[in-house]
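Structure, as structure tokens:
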Amino acid sequence: MKYIQTNNALKPNGHYAQAVEQGGFLFLSGILPFHRETGAYVEGTVEEQMREILANLDSILQAGGSSRLKVLKTTIYISDMEEWGRVNKSYQEYFEEHTPARSIVAVSNLHFGAHLEMEAIAWV
């Protein structure tokens with residue numbers, strides 16, 4: 001098992017790794033909307049938060065020897081299902097023709113009051 005840690009993504013603020021690689025698979029922890037360089041929480045719209053989450057995702061995937069085209073499964077936790085369409089649009093723009101398996105889970109709230117959090121599984 002190999003732990004993945006990059007300085008180009010939000011550093012863990014607890015007892016977990018950004019990602020873990022095992023058996024050719026990369027398991028990414030939940031990513032909240034924090035700016036990769038400043039560490040500041042990104043307040044704003046669902047789209048703004050999603051952009052920052054996806055930028056962190058890119059950095060962690062790259063550090064683990066993977067890419068967005070190798071993402072197999074994502075789980076998105078969303079605090080307001082009324083925002084589903086906007087989340088889906090941002091997600092589609094990011095992945096383009098690639099369509100990983102996905103779950104969207106409605107939650108009553110997320111840490112820091114975030115609109116969303118996302119985790120992923122990719123292959124290396």
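Observations on the model:
- Computed from phi, the 3J(HN,Hα) profile of region 66-78 under the Karplus parametrisation 6.51, -1.76, 1.60 (θ = phi - 60°) reads 10, 7, 4, 6, 9, 6, 9, 8, 10, 10, 10, 9, 10 Hz, with x in place of Gly and Pro.
- Cα gyration tensor category, rounded, prolate or oblate, for region 38-108 with a/c compared to 1.5: oblate
- Listed by chain and number, the lysines whose alpha-carbon sits under 19 Å from that of LYS2, ignoring those within fewer than 8 places in the same chain, are LYS11, LYS70.
- Surface accessible to a 1.4 Å probe, per residue, for the residues of region 1-67, Å²: 53 Å²
- When the alpha carbon gyration tensor of the chain is reduced to an equivalent ellipsoid, its three semi-axes come out at 21, 17, 13 angstrom, largest first.
- Centroid-to-centroid separation of region 70-124 and region 11-32 [C-alpha atoms, Å]: 16 Å
- Working from Cα pairs under 8 Å separated by at least six residues, relative contact order for the chain is 32 percent.
- Between ALA17 and any residue 5 or more places off or on another chain, the built amide H atoms are never under 5 Å apart.
- Rounded to the nearest 500, the helix-only mean residue ellipticity at 222 nm of the chain stands at -8000 deg cm²/dmol, with each DSSP H run of n ≥ 4 adding -39,500 (n - 2.57).
- Cβ-Cβ distance of GLU96 and THR75, R₀ of 22 Å, FRET efficiency by 1/(1 + (r/R0)^6): the value works out to about 0.65.
The values are calculated or read from the model by the stated rules, or taken from the named source; none is laboratory data. For clarity, every value in this text was computed on a predicted model and none was experimentally measured. Note: ideal-geometry Cβ built from the backbone for every residue, glycine included; neighbour counts use all protein chains shown. For accessibility, only protein heavy atoms count, side chains too; no ligands or nucleic acids. Shrake-Rupley method; radii C 1.70, N 1.55, O 1.52, S 1.80 Å.
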